[in-house]
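The values are calculated or read from the model by the stated rules, or taken from the named source; none is laboratory data. Just so it is clear, the structure is predicted and the values come from calculations on it, not from any experiment. Don't worry about glycine lacking a Cβ; one is built from the backbone with ideal geometry, like all the others, and counts go over all protein chains shown.
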Amino acid sequence: MSARSQGLRTVVAALWGAGLLASACGEAPAPPPASAVDDVTPAADREGPPSVALPQIDGFEADVQIQLRDAHVALQVAIEARTVTGDQFGRIGMLFAAYGLVDGAEAAYRNAQALAPVEFRWQYYIGVLYDTTSRPEQAIPALERALELSPGYVPGLARLGDLLAGQDRVAEATRRYREALALDPSCNPCLVGLGQMSLQDRDFEAAVEHLEGALQLAPGAATIRYPLALAYRGLGEDAKAQAQLDARAEATLNTGMGRQMDRPGVFDPLLLELDGLAATGNVAIEARGVMAARQGRWTEAIAEFNTLVAADPENAVSRNLLAVALLTTGDRDGARHQYEETLRLDPTHSRANLQLGLLLVEDGREQEAVARFRAAVEADPGANMAYLNLAGALLRTGEAGEAADIYDALLALDPSNAPARLGRAFALIRAGRHAEAKTRLEEDILARPTEMAFPHTLTRLLAASPDGNVRDAGRAGELIQQVTREVQNGQAAETTAMVLAEVGSFDAAVRYQEIAIGLAEEAGMRELAAEMRITLALYRGGQPSRVPFRPNDPVFFPAPFKPPGAFDEPPAAGAGPQ
């Protein structure tokens, strides 16, 4: 891969991964006290700082190379004259970061910190660099040190809160979000972060409060509506939950050009300054396009990306950028074409393989989608989303045994992945490997003790498996009590009926099955209700069920997992019985 391609991949990942932020929340950091400023103090009386090597830049356009070489020569002159300052190192670090030259940027920022230890921006920029290159273990302490220098920098507080939340450091994340909100009540990602953590803690009232506040600040943000719907559902307010899902679907369908960004973030003046440094050649065109996309100016973003493609039609990175923008704005055909072109140029492009596979699933072309998902996994063996979609597609097409193997492979990489655990259980059940499914589900319950999908699924297996060695009425009775303390819906009623029939309480099983049928009919699911009446007849005849999940049960046909993007949210933790 050329230096230009490497640089572009890094800068694109950094800019898009930063949350496509474009909302108003945050101010420029307060300057440090005058007595503390030593950024302009010459280094002549200090031991000279280590020189920063010029990174490999031969793959960049000529004018970009000139810009980078000139800046580096000026730095070297100052080092040799022993007049170099922290500001000079920091500025070239910013330039390197803007062009995706991560190692050079890190070295320069470190020198800037050494010469100007109380200058907030260099500490902040290195924290951002670690964050956007997926190094949370380094980003968190770096940002914490930065905020000691400028405690009131709201964008930094919000970013640190997001990082801490991502590491399940809930109490610390909560404190940072609240500090930011005390300074700026319009900090949308802070409200969203608090809402999502409350949702995970099953504090549904708090989740609704925070997420409704975030939605009031950004009514067009469809991604907020999904967790809000889950919170309302947790409160038992199903009508409000459905209203949020309906509004989300409507927003997703009407994503016209120029629309405000769906994923509002924090206005960060320091990042804007950083982004503005890549001002030359194709990198500048790309930066303008990404900035326009971050601000929801899709017409301009697509125009810039089209210019990139026209300037270098054989560049896969540019093609993929254009595809992302087209897909975000609803142009599926245009996006499909650009993803296909991306893969013509770079068959190993993991994200393009994944996205093209998702489009094929939507078109009902599952076998072709399986091939794309396989390619995505092979290109990036650490990509959770590629594994989940490959396994899901195999499960939907009846290749349940291989699907279970794929879920296992993902869990070897990421044991905390709850959708993979649940998907594995359903794949094993559909493959008829009930004894193995039972063992795995017991493990899953220990690993994810607060998620009811695992004990609920195991209850059905223990009560209704055709394998007598798997059934365990006593354990099923214990689990159904645990499940129904948390879940009261048609699925839980049907599962309760299975357990009651297994222990011989057929009259009670009939009552619960009738409840489940009534709920299905109220929801308009007449075909399901008709199938459930077949089981009801068994109970009336004094026979237990031996079908824990019907062959056409939705658990065997999982929906695709879409990567987070302009109008998507991460998958919910569980996709099966709740």
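Residues that are over 35 Å from the mean Cα position of the chain (by Cα), polar (S, T, N, Q) and under 29 Å from residue 393 (Cα atoms): does the range 545-557 have at least one? So far as the range 545-557 goes, yes, one or more of its residues are over 35 Å from the mean Cα position of the chain (by Cα), polar (S, T, N, Q) and under 29 Å from residue 393 (Cα atoms). Of all residues in the range 140-168, those being buried (at least 16 other Cβ atoms within 10 Å of the Cβ) and within 19 Å of the chain's Cα centre (by Cα) number 9.
Filtering the range 457-495 to residues that are outside any helix (DSSP H, G or I) and among the acidic types (Asp, Glu) leaves 467, 472. With the structure loaded, tell me whether residue 401 is without any contact (Cβ under 8 Å) to a residue 40 or more places away in the chain and out of contact with any Ser or Thr (no Cβ under 8 Å at 6 or more places or on another chain) or whether it fails that test. Criteria met by residue 401. Criterion first (over 17 Å from residue 463 (Cα atoms), hydrophobic (A, V, I, L, M, F, W, C) and either buried (at least 21 other Cβ atoms within 10 Å of the Cβ) or assigned by TED's automatic domain parsing to the domain that holds residue 234 (or both)) does residue 509 satisfy it? Here the answer is no, as residue 509 does not meet what is asked.
Across the range 346-382, the qualifying residues are those that are in contact with a Pro (Cβ under 9 Å, 6 or more places away or on another chain) and either of a type in the set (Gly, Ala, Ser) or surrounded by fewer than 19 Cβ atoms within 10 Å (Cβ to Cβ) (or both), and the one among them that is farthest from residue 316 (Cα to Cα) is 362.
Would you check if residue 137 is surrounded by 16 or more Cβ atoms within 10 Å (Cβ to Cβ) and not β-branched (Val, Ile, Thr)? No: the conditions fail for residue 137.
Listed by first and then second residue, the pairs linking a residue in the range 439-466 that is over 16 Å from residue 415 (Cβ atoms) to a residue that is acidic (Asp, Glu) and not in a helix (DSSP H, G or I), with Cβ atoms under 7 Å apart and 6 or more places separating them unless they lie on different chains, are 462/472. Hey, does the range 170-178 have a residue that's within 21 Å of residue 270 (Cα to Cα), surrounded by 17 or more Cβ atoms within 10 Å (Cβ to Cβ) and not acidic (Asp, Glu)? There is at least one residue in the range 170-178 that is within 21 Å of residue 270 (Cα to Cα), surrounded by 17 or more Cβ atoms within 10 Å (Cβ to Cβ) and not acidic (Asp, Glu). It is to be established whether one or more residues within the range 351-368 are more than 18 Å from residue 402 (Cα to Cα), of a type in the set (S, T, N, Q) and assigned to a helix (DSSP H, G or I). Within the range 351-368, one or more residues are more than 18 Å from residue 402 (Cα to Cα), of a type in the set (S, T, N, Q) and assigned to a helix (DSSP H, G or I). As a summary of the residue check, residue 78 satisfies the conditions (1) in a loop (DSSP other than H, G, I, E, B); (2) touching a helix residue (DSSP H, G or I) at 6+ places or on another chain (Cβ under 9 Å); (3) modelled with pLDDT of 85 or more except for the one numbered (1). Just one of (1) more than 20 Å from the chain's Cα centre (by Cα); (2) within 19 Å of residue 320 (Cβ to Cβ) fails for residue 366. It is (2). If only residues of the range 415-428 that are under 15 Å from the mean Cα position of the chain (by Cα) and farther than 16 Å from residue 396 by Cβ are counted, the one that is surrounded by the fewest Cβ atoms within 10 Å (Cβ to Cβ) is 416.
For the range 404-456, the set of residues classified as part of a loop (DSSP other than H, G, I, E, B) and of a type in the set (Lys, Arg) consists of 433, 448, listed by residue number. Residue 198 meets each of the listed conditions (1) assigned to a helix (DSSP H, G or I); (2) closer than 22 Å to residue 270 by Cβ; (3) not hydrophobic (A, V, I, L, M, F, W, C) apart from (2). Only one entry of 97, 105, 112 meets the criterion of being part of a helix (DSSP H, G or I), surrounded by 23 or more Cβ atoms within 10 Å (Cβ to Cβ) and more than 32 Å from the chain's Cα centre (by Cα), and that entry is 112. Only residues that are in a helix (DSSP H, G or I) and surrounded by 12 or more Cβ atoms within 10 Å (Cβ to Cβ) were counted in the range 516-532, giving 11. For residue 321, the conditions (1) without any contact (Cβ under 8 Å) to a residue 40 or more places away in the chain; (2) farther than 21 Å from residue 369 by Cβ; (3) part of a helix (DSSP H, G or I) all hold with the exception of (1).
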